[in-house]
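A short worksheet on the structure shown next.
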Amino acid sequence: KKMSGAEIREAFLSFFESQGHRRLPSSSLVPEDPTVLLTIAGMLQFKPVFLGQAPRKVPTATTTQKCVRTNDIANVGVTARHHTFFEMLGNFSFGDYFKEQAIRWAWELSTGVFGLPAERVWVSVYEEDEEAEAIWRDVVGVAPERIKRMGAADNFWSSGPTGPCGPCSELYYDFHPERGTEGASLEDDSRFIEFYNLVFMQLNRKPDGSLEPLAAKNIDTGMGLERMAQILQGVPNDYETDLIFPIVQKAASIADIDYHTAPPATKTALKVIGDHTRAVTYMLSDGVTPSNTGRGYVLRRLLRRVVMKGRLLGIRDVFTPSVAAVAVGLSGPCDPAVERNAQRIYDELAREEGLFVATLERGQKQLDELLEKAAAGGSGSGVIGGADAFMLYDTFGFPLELTQELAEARGVGVDVAGFEGEMEAQRQRSKDSRETVDLTAQAGLAQLAAQVGPTSFTGYSTTRGGGRVV
Ligand code: ATP
Ligand code: MG
Ligand code: MG
Ligand code: MG
């Protein structure tokens, strides 16, 4: 029998409870830590303990943590495993157990509790962490060809230029063992999925850059709940697990689409709706409200992206509250507060969606006129100028992608280079561009965080990077 998402969550938490860990609640998506905009990992609520700034309350703990990662926005619905909102299961040691114990439990949990076949689990270690490699090989018994060394970019954790840091070791699941071990790369996501990351906080980096051993060594781990559900439920991506699929299905039914026979672009749009609806539901529940700065801006962009995708699928009525209702219905075991906040969530969604749709409809009128002119300009060879495409974006919030899609349907092109030129010119004009929020895939969260302050956001006109937020 396949494990449900709720069963996977419970199995993880109770496994570590039975090993003496205290089960603690998820912290809010709005972190106490001022250096990040939104909670991005399970360790965030424990950061002061790890950094030695606060005493530990318990020696070991386990949580399921609500997370939002805006740096993965462009991957949503594109890769099989990335979300903006997801739950990170974690086990933590605050100067208690260390590397060997963490590795043994990770293995016992993965192969015992979750029943993954041993030969399907591959691991990565930091290239200089011979200790971890030896534990995996000699203590756990993982075949050497399934242990991969990786560099610092992937497998060395630090929270800043100085302070506690250390090597990581990740567990991957192999969907295609028949492809053999020769030349296999864990970065090949048609074959492997990373599901569990173990951080061994064992070093302290001093201001001169040198490393010294930490007196109290810590363990910080993260397992993606949706990813484990994908693996155990035998579905092709996280979106089709019982944790998310009902939301996707709700959107599909409103749009009168059969998900399973829909073309890939339609599936992607439905996945984006499913993902972002979860994110905005939990963000609203945690007290974030739509605005033009900081996390309110993240919320606004996510919601607008849902509305946009819905329109591209032919939905014309206000629909986000009814899709969110499905997310609320699934939220209980993750966060009981969401149900209590449900009415407020629906009200805010309806209000914000209504405002956005009104703007869009004004823009649509403009676009229709432009399309008529362009089409008349020469039997289907017309083009929407860069300045006009930019005006639609700047004034009416029409992302370039939407303009292109609507234009294409009428056999009209869009001057993309011209649009980008206008964007660049706008960027140059705006003195405040450093204070705006960048949602491109590359934009680091730290960068977002630096912008949360009392900034004077001036609207779409100053967004940078041209991140494809639809
Ligand atoms: P990836 O390489 O796949 O982007 P990551 O290395 O960035 O993942 P970590 O920062 O190590 O992820 O986070 C710990 C775990 O949380 C991952 O092993 C994964 O299971 C899960 N996770 C991370 N990012 C996401 C995401 N965007 N959506 C869903 N799960 C995620
Ligand atoms: Mg990542
Ligand atoms: Mg990774
Ligand atoms: Mg990782």
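The values are calculated or read from the model by the stated rules, or taken from the named source; none is laboratory data. This one's a predicted model, so the numbers in the text were calculated from it and none came from an experiment. Cβ coordinates were reconstructed from backbone atoms using ideal geometry, including for glycine residues, and neighbour counts include every protein chain displayed.
How many residues are more than 16 Å from ligand 4 (Cβ to nearest atom), outside any loop (DSSP other than H, G, I, E, B) and touching a helix residue (DSSP H, G or I) at 6+ places or on another chain (Cβ under 8 Å) if we restrict to region 164-184?
Residues meeting the conditions: 3.
For region 160-197, name all the residues that are within 16 Å of ligand 2 (Cβ to nearest atom) and surrounded by fewer than 17 Cβ atoms within 10 Å (Cβ to Cβ).
Residues satisfying the conditions are 187, 188, 189.
Out of all the residues in region 393-433, which are crowded, with 16+ Cβ neighbours inside 10 Å, of a type in the set (A, V, I, L, M) and farther than 20 Å from residue 313 by Cβ?
If the condition is that a residue be crowded, with 16+ Cβ neighbours inside 10 Å, of a type in the set (A, V, I, L, M) and farther than 20 Å from residue 313 by Cβ, then 412, 414, 423 are the ones that fit.
Residue under question is residue 108, and the condition is that it be at pLDDT 95 or above, assigned by TED's automatic domain parsing to the domain that holds residue 46 and not in a helix (DSSP H, G or I); does it hold?
Against the criterion (at pLDDT 95 or above, assigned by TED's automatic domain parsing to the domain that holds residue 46 and not in a helix (DSSP H, G or I)), residue 108 does not qualify.
Can you pull out every residue in region 353-379 that is in contact with a strand residue (DSSP E or B) (Cβ under 7 Å, 6 or more places away or on another chain) and not in a helix (DSSP H, G or I)?
none
Here are some conditions: (1) in the same structural domain as residue 48 (by TED's automatic domain parsing); (2) touching a residue at least 40 places away in the same chain (Cβ under 8 Å); (3) of a type outside the set (Lys, Arg); (4) more than 16 Å from ligand 3 (Cβ to nearest atom). Residue 255 meets all but one. Which one does it not meet?
(1) is the only condition that residue 255 fails.
Is it the case, given these coordinates, that residue 187 is part of a loop (DSSP other than H, G, I, E, B) and within 12 Å of ligand 3 (Cβ to nearest atom)? Write out each step before concluding.
Details: part of a loop (DSSP other than H, G, I, E, B): yes; within 12 Å of ligand 3 (Cβ to nearest atom): yes.
Yes: the conditions hold for residue 187.
Kindly establish whether residue 47 is more than 16 Å from ligand 4 (Cβ to nearest atom) and either within 20 Å of residue 280 (Cα to Cα) or surrounded by 16 or more Cβ atoms within 10 Å (Cβ to Cβ) (or both).
Considered against the rule, which asks whether it is more than 16 Å from ligand 4 (Cβ to nearest atom) and either within 20 Å of residue 280 (Cα to Cα) or surrounded by 16 or more Cβ atoms within 10 Å (Cβ to Cβ) (or both), residue 47 comes out as yes.
Give the residues of region 66-101 that are assigned to a strand (DSSP E or B), more than 23 Å from residue 188 (Cβ to Cβ) and within 12 Å of ligand 2 (Cβ to nearest atom), sorted by residue number.
67, 88
Residues of region 111-135 being closer than 18 Å to residue 148 by Cα and not in a strand (DSSP E or B), which ones?
Listed by number, the residues that qualify are 118, 119, 120, 127, 128, 129, 130, 131, 132, 133, 134, 135.
Among the residues of region 136-163, which ones are closer than 19 Å to residue 101 by Cβ and either part of a strand (DSSP E or B) or out of contact with any helix residue (DSSP H, G or I) (no Cβ under 9 Å at 6 or more places or on another chain) (or both)?
Scanning region 136-163 gives 138, 147, 157.
Considering only residues of region 126-159 that are buried (at least 16 other Cβ atoms within 10 Å of the Cβ) and basic (Lys, Arg), which is farthest from ligand 4 (Cβ to nearest atom)?
The qualifying residue farthest from ligand 4 (Cβ to nearest atom) is 137.
Considering every residue within region 76-87, establish whether at least one is of a type in the set (Asp, Glu), assigned by TED's automatic domain parsing to the domain that holds residue 206 and free of Cβ contacts under 8 Å to residues at least 60 places away in the same chain.
no
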